[in-house]
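Have a look at the structure below before the remarks.
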Amino acid sequence: MHSEKRTEKRTEKLETLVTTVASRLTPVDAVSFVSVATRVLQDLVEHFEVDTCFLRFTDHEIAATVLIAEYPPRPFIPDPDPLGVVYFENADSTFVQIERQKEVAIFRPEKSGPDYNDRVREASGVPQVSLAAVPLLSGETTTGTLGFIKFGDRDWTPPELDVLKAIAALLAQVQARIVVEEQLRHSADHDSLTGLCNRRALYRHLDARLNSSEPGPIAILFLDLDRLKPLNDFFGHGAGDGFISTIAERLRATSAADDLVARLGGDEFVLVLGGSVDLDDAEARARRIRDVVTERVHLGREVVSRSVSIGVAAGYPGAATTSSLLSQADQAVMLAKTKGGNAISVFTDEMQEKSEKRNMVELSLRAAIADESLFLEYQPEVDLRTGRILGVEALVRWNHPLLGLLQPASFIDVAEATNVAGELGRWVIRTACRQWAQWRSQLPGLDLGLRVNVSPGQLAGLDFLDVVAKSLTEFDLRKGALCLEITENAVLSDLTWTRQALEGLHAMDVEVAIDDFGTGYSSLSHLKALPVSTLKIDKGFVMNLDSNPEDRAIVKSIVGLAESFGLELVAEGVENVESARQLLDMGCRRAQGFLFSRPVSAEKIGKLLAAGSIEVGL
């Protein structure tokens, strides 16, 4: 009777143990697992009155058993821990046996491997031990071991062994859940192609470091591979992916243990250097990394290489933010790109001032279009033979409340980058056309061309042609009065769309001029295919025409080109009488520049138009 009660009591305790373990493991996740598992092992040690309990996971990829938790913790753990990761290839017989173990194994003092007893004897000072090893199973695969060590010997009853199996099954379920969780976390934080950290992990890492108390500076390198597109086009995107993966592996291999290497996507990488690294040391690291990245890569039978542009920036915790630091490195790499690639640029105080100015411009540009802080000035274009005013070019200006008077170069690029180009261009076209209509009403019979600059972003806008058409109708511009000026770069950026846009303008009797002509001869082959009416010679070739024979040769060739294509020609930047005389001698009869008038207000242009001409002095 007493024996049955003792058995029932032991059974109840075992059931309670399983319930306790299950309740501890149910809410566990990857972050809390080790601490919770250690608490479970403590429960098992106390219940079964053993000396040590451990949990090991089997990593079949590296063929090793990895210590996850143990109780009680060993008082002294050498570094490296000989029991931390045990590779089966070099393990003693006990570990080898548990690699693919499917049933509970009891290793008694006289049966346990001598190597294993030697390990435990050395760690504990006890002559002999017994070991109960319970496998964690996932289907037919052994995924780990729950182990119990008793100094001396211990008998395990069948009910106890059943409980050990049940607890091992619970641990195996949690292990599988954690593996999936870690895979999801890894996927969320790592680039699928290279395995490097992705943008999300990079931002979290930088946020943590810049919000920490470490002394700094914290340095980052922004890498942008040069001209990867031709490689993709020639060899295919599969080869391009292989190239990117090789570069990623090189970056991983050359980085320090406390560095973070991330791929932002495409051909862009960021290295966050570990520890405190100043700009000089960061630049030195960048040079070494450039040498490694630019080494040749084997793609099948082909051997290729690509240069890399690197931007370097550094900031201090508490002073810099993740976005500001990445922005600085990005600006530095863009500067390296403008040097022709394969260059290293460091973000400087001067670049910081430009960045702050650009940010101010970006924040207030859209509002400026509505609050009348933008205005237009006009520069006349004259006939060099008579001084008669043939047209005026509308030039946008901005009275910024903090930065003062801004020229277009200070904000057009920002408008392009922030998708405000269309809105800004719409305002300029309408304002210029309205002013033309006012001059026409004040001076009946006025024959005046109106020239308006169009940016690449504006030209690519879906409503661009509609904006022009509505302005022509609203302000009753005569046919051919409006001429829109585009740069050679705008022509080449998207030739198909540019052709469609220019043909649409041609259908509305709107003329098109190529501005700053001569800075990019690559567009010459397209002149026949595009409805262009005028070339405007870039002022860089005109300003020193009287003293620079090379400029004279270039201008002469452009004059001949315009004649052969039947195009009007306008010279910009005429500042002295001698340059004007040489232009006229070469056959260029139309010009604008400071010799005739600086850009001035609409009111002053109105007075010049009333006079009808400007004294040229030839």
* Structure fact -> Taking a crude spin-label model, label points 7 Å out from Cα along the C-beta direction, the A409 to R74 distance in nm is 7.0
* Structure fact -> Protection proxy (average C-beta count within 10 Å per residue), highest first, orders 245-256, 133-144, 302-313, 175-186 as 302-313, 133-144, 245-256, 175-186
* Structure fact -> For G265, the net charge from surrounding residues (Cβ-Cβ under 10 Å; K, R +1; D, E -1) works out to -1
* Structure fact -> Honestly the range 175-215 on the Cα gyration tensor test (a ≥ b ≥ c root eigenvalues; a/c under 1.5 rounded, otherwise a/b vs b/c for prolate or oblate) is just oblate
* Can you pick out the pairs among K102/K150; K337/K357; K536/K556; K470/K607; K229/K337; K337/K536 whose Cα atoms lie more than 25 Å from each other? -> K470/K607; K337/K536
* Note the angle between two axes, namely the Cα long axis of helix 549-565 and the longest principal axis of the Cα atoms of the chain, as a number of degrees from 0 to 90, rounded to the nearest 10. => 80
* Just check the range 507-610 against the gyration tensor rule for me: Cα atoms, a ≥ b ≥ c as the square roots of the eigenvalues, rounded for a/c under 1.5, and otherwise prolate or oblate depending on whether a/b exceeds b/c. => oblate
* To do: Would you mind computing, in nm to one decimal, how far apart the modelled labels at E46 and A469 are, each placed 7 Å from Cα along Cα→Cβ?
  => 8.3
* Asked: Shape of the range 371-611 from its Cα gyration tensor (a ≥ b ≥ c, root eigenvalues): rounded if a/c is under 1.5, otherwise prolate when a/b > b/c, or oblate?
  -> rounded
* To do: Tell me which residues come under 5 Å, amide H to amide H, from R451 once H is placed; ignore anything under 5 positions away on its chain.
  => V392, E393, A394, C483
* Structure fact -> tail above 46 Å in the computed P(r) of the chain, as % of all Cα-Cα pairs, reads 46
* For the range 199-347, with equal point scatterers placed on the C-alpha atoms only and solvent neglected, what are the log10 I(q)/I(0) values from the Debye formula at q = 0.08, 0.10, 0.14, 0.20 1/Å, to two decimals? -> -0.21, -0.33, -0.63, -1.20
* Asked: Can you give the Rg to Rh ratio for the range 9-82, taking only C-alpha atoms and Rh from Kirkwood?
  -> 1.03
* **Estimated FRET transfer efficiency (L618, D207; beta-carbon r; R0 60 Å; 0.05)** => 0.35
* What is the helix-to-structure angle for 2-25, meaning the angle in degrees between its Cα long axis and the longest Cα principal axis of the chain, kept from 0 to 90 and rounded to the nearest 10? -> 10
* Rounded to the nearest whole Å³, what is the per residue volume of the convex hull around the Cα atoms of the range 290-381? -> 222
* Residues M360 and R10, FRET efficiency given R0 of 51 Å [Cβ-Cβ distance, rounded to 0.05] -> 0.05
* Asked: Roughly how many nanometres apart are two label points built 7 Å out from the Cα toward the Cβ at A417 and V66?
  -> 4.3
* For the Cα atoms of the chain, what angle does the longest principal axis make with the long axis of helix 322-338, in degrees from 0 to 90, nearest 10? -> 50
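Taken together, the values in this text are just the output of simple stated rules run on the coordinates, not laboratory data. Predicted model, so just to flag it, every value in this text is computed and none were measured. No Cβ is skipped: glycine too gets one built from the backbone with ideal geometry, and neighbour counts run over all protein chains shown.
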